[in-house]
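Next up is a structure, given as structure tokens.
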Amino acid sequence: MSEATLLSSPDALVLVAQRGAVRTLTLNRPAALNSFTQDMHVELRAALDGAAADPAVRAVLITGAGRGFCAGQDLNDPGMAAGADGKPDIAAVIEANYRPLALRLQAMPVPVVCAVNGVAAGAGANFAFCCDIVLAARSASFIQAFAKIGLIPDCGGTWLLPRLVGRSRALALALTGDKLSAADAERFGLIWQVVDDADLPAQALALADKLAAMPSRALVATRQALDASQALSLADALALEARVQGELGRAHDFAEGVAAFQQKRPAVFKDR
Ligand code: T3D
């Protein structure tokens with residue numbers, strides 16, 4: 001297995017590395033549990049845009065440095081905008097940072113794996129849930145911390161939580177702000193899988209490698225169709241499936257997948 005190549009500065013707020021076809025982004029403010037500052041948002045956006053634009057990238061893996069994954073908004077960040085009345089303009093912070101982040105993840109042209117290595121709180125938790133497949137270390141936890149500071153779930157939380165776990169659990173998580181263990185997050189269906197702490201990096205990388213070798217265009221079309229179906233009737237979802245299958249059926253990867261099956265060899269997918 002090849003070594004990872006660091007593409008960012010070693011002291012960047014988001015470390016960017018490439019190994020094979022997997023681009024790894026590591027939130028890197030461990031002393032503040034990788035909470036989001038304005039500068040970290042800027043670096044994360046650039047890193048996600050860079051991965052999206054690079055044809056050598058076929059899967060993205062997101063994780064955090066140190067003992068936390070991400071504690072949400074850095075509540076000490078002087079970059080937090082103030083409105084004309086001098087009070088915090090949180091709408092501006094969300095419009096500038098969290099809304100683009102959630103939409104960027106939903107529109108990534110490759111699958112995104114999230115390896116939650118420690119606590120994920122506030123927007124840090126919902127950022128993780130925006131990713132396609134979430135693994136978490138057994139010691140990790142998830143906290144909808146917003147209610148404790150007089151806010152509502154953001155970074156897509158109001159949309160994601162009821163879809164992931166249903167209204168009853170979504171409301172209880174959001175209203176109490178209680179800490180949910182990784183094991184309970186898996187049991188609720190908030191995340192895909194909990195793994196032993198020591199195994200998280202290797203298992204997350206193995207999953208990203210596996211996805212990188214699969215037909216990216218079809219994987220991304222799957223995410224888009226599943227998300228779109230939430231607002232569609234069965235008849236309209238069936239029509240969408242027909243249209244998307246029609247497009248994929250004319251693409252390289254379908255021909256390659258069928259040929260590889262018939263020839264009993266591994267497929268080499270390349271559409272993105
Ligand atoms: O503009 C806007 O506000 C809008 C956007 C809102 C989106 C949001 O994300 S709102 C929610 C913001 N996040 C939180 O409210 C979580 C705050 N953090 C915590 O509740 C706890 O830190 C944790 C439960 C996440 C972890 O607890 P613990 O005991 O493991 O660690 P700790 O000792 O509290 O934190 C370690 C350090 O990280 C500590 O710094 P220190 O004292 O060692 O210098 C702590 O201050 C720092 N830290 C943790 N979270 C944040 C933070 N610093 C700034 N902002 C944080 N969110």
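The values are calculated or read from the model by the stated rules, or taken from the named source; none is laboratory data. Note that this is a predicted model, so its numbers are computed, not measured. In this analysis, Cβ positions are derived from the backbone assuming ideal geometry, glycine residues included, and neighbour counts consider all displayed protein chains. In case anyone asks, the SASA skips ligands and DNA or RNA and just uses the protein heavy atoms, side chains included. Shrake-Rupley method; radii C 1.70, N 1.55, O 1.52, S 1.80 Å.
Filter segment 150-198 down to the residues that are within 13 Å of the ligand (Cβ to nearest atom) and among the aliphatic types (A, V, I, L, M) and list them by number.
Leu151, Ile152, Ala174, Leu180
Count, please, the residues in segment 52-102 that happen to be hydroxyl-bearing (Ser, Thr, Tyr) and either closer than 30 Å to Phe269 by Cβ or without any contact (Cβ under 8 Å) to a residue 12 or more places away in the chain (or both). Show your work before the answer.
Going through segment 52-102, the residues hydroxyl-bearing (Ser, Thr, Tyr) turn out to be 63, 98.
So of that shortlist, the ones also either closer than 30 Å to Phe269 by Cβ or without any contact (Cβ under 8 Å) to a residue 12 or more places away in the chain (or both) come out as 63.
The number of residues fulfilling the criteria is 1.
Can I ask one more? For Leu180, all conditions in the list (1) part of a helix (DSSP H, G or I); (2) touching a residue at least 12 places away in the same chain (Cβ under 8 Å); (3) not hydroxyl-bearing (Ser, Thr, Tyr) hold save one; what is the number of the exception?
Among (1) part of a helix (DSSP H, G or I); (2) touching a residue at least 12 places away in the same chain (Cβ under 8 Å); (3) not hydroxyl-bearing (Ser, Thr, Tyr), the lone unmet condition for Leu180 is (1).
Considering every residue within segment 70-89, establish whether at least one is in the same structural domain as Val195 (by TED's automatic domain parsing), buried (at least 20 other Cβ atoms within 10 Å of the Cβ) and within 26 Å of Ala206 (Cβ to Cβ).
Yes, segment 70-89 contains a residue that is in the same structural domain as Val195 (by TED's automatic domain parsing), buried (at least 20 other Cβ atoms within 10 Å of the Cβ) and within 26 Å of Ala206 (Cβ to Cβ).
Identify all residues within segment 58-91 that are out of contact with any strand residue (DSSP E or B) (no Cβ under 9 Å at 6 or more places or on another chain), near the ligand (Cβ under 10 Å from one of its atoms), aliphatic (A, V, I, L, M) and over 17 Å from Leu27 (Cα atoms); write none if there are none.
Of everything in segment 58-91, just one residue is out of contact with any strand residue (DSSP E or B) (no Cβ under 9 Å at 6 or more places or on another chain), near the ligand (Cβ under 10 Å from one of its atoms), aliphatic (A, V, I, L, M) and over 17 Å from Leu27 (Cα atoms), namely Ala91.
Could you look through segment 8-37, keep only residues that are outside any loop (DSSP other than H, G, I, E, B) and either at pLDDT below 95 or of a type in the set (Val, Ile, Thr) (or both), and pick out the one that is farthest from the ligand (Cβ to nearest atom)? Working first, answer last.
Residues of segment 8-37 that are outside any loop (DSSP other than H, G, I, E, B), as a first pass: 14-19, 22-27, 30-32, 36.
With the extra rule that they be either at pLDDT below 95 or of a type in the set (Val, Ile, Thr) (or both), the set shrinks to 14, 16, 22, 24, 26.
Values: Val14: 17, Val16: 23, Val22: 27, Thr24: 23, Thr26: 17 Å.
Here the answer is Val22.
Can I ask one more? Please specify each residue of segment 147-187 satisfying the condition of being of a type outside the set (A, V, I, L, M, F, W, C) and open to solvent by less than 20 Å² (accessible area, probe 1.4 Å). Break it down into steps so the answer makes sense when it comes.
From segment 147-187, those of a type outside the set (A, V, I, L, M, F, W, C) are 148, 150, 153-154, 156-158, 162-163, 166-169, 176-179, 181, 184, 186-187; that's our starting set.
Of everything in segment 147-187, those that are of a type outside the set (A, V, I, L, M, F, W, C) and open to solvent by less than 20 Å² (accessible area, probe 1.4 Å) turn out to be Gly157, Gly177.
Still on this model: Can you confirm whether Ala228 is closer than 30 Å to Arg138 by Cα and either part of a loop (DSSP other than H, G, I, E, B) or open to solvent by less than 60 Å² (accessible area, probe 1.4 Å) (or both)? Spell out the reasoning first.
Values: closer than 30 Å to Arg138 by Cα: no; either part of a loop (DSSP other than H, G, I, E, B) or open to solvent by less than 60 Å² (accessible area, probe 1.4 Å) (or both): yes.
Spelling it out, it is not the case that Ala228 is closer than 30 Å to Arg138 by Cα and either part of a loop (DSSP other than H, G, I, E, B) or open to solvent by less than 60 Å² (accessible area, probe 1.4 Å) (or both).
Filter segment 22-50 down to residues that are of a type outside the set (Lys, Arg) and more than 17 Å from the chain's Cα centre (by Cα) and give me whichever is least open to solvent (accessible area, probe 1.4 Å).
Of the residues in segment 22-50, the ones of a type outside the set (Lys, Arg) are 22, 24-28, 30-44, 46-50.
Restricting the remaining residues to those that are more than 17 Å from the chain's Cα centre (by Cα) gives 30-33, 37-39.
Numbers: Pro30: 59, Ala31: 112, Ala32: 35, Leu33: 39, Thr37: 17, Gln38: 64, Asp39: 101 Å².
This residue is Thr37.
Another one. Considering only residues that are out of contact with any Asp or Glu (no Cβ under 9 Å at 6 or more places or on another chain) and in contact (Cβ under 8 Å) with a residue 24 or more places away in the chain, look in segment 11-24 and name the one that is farthest from Val116 (Cα to Cα).
Residue satisfying both the conditions and the ranking: Leu15.
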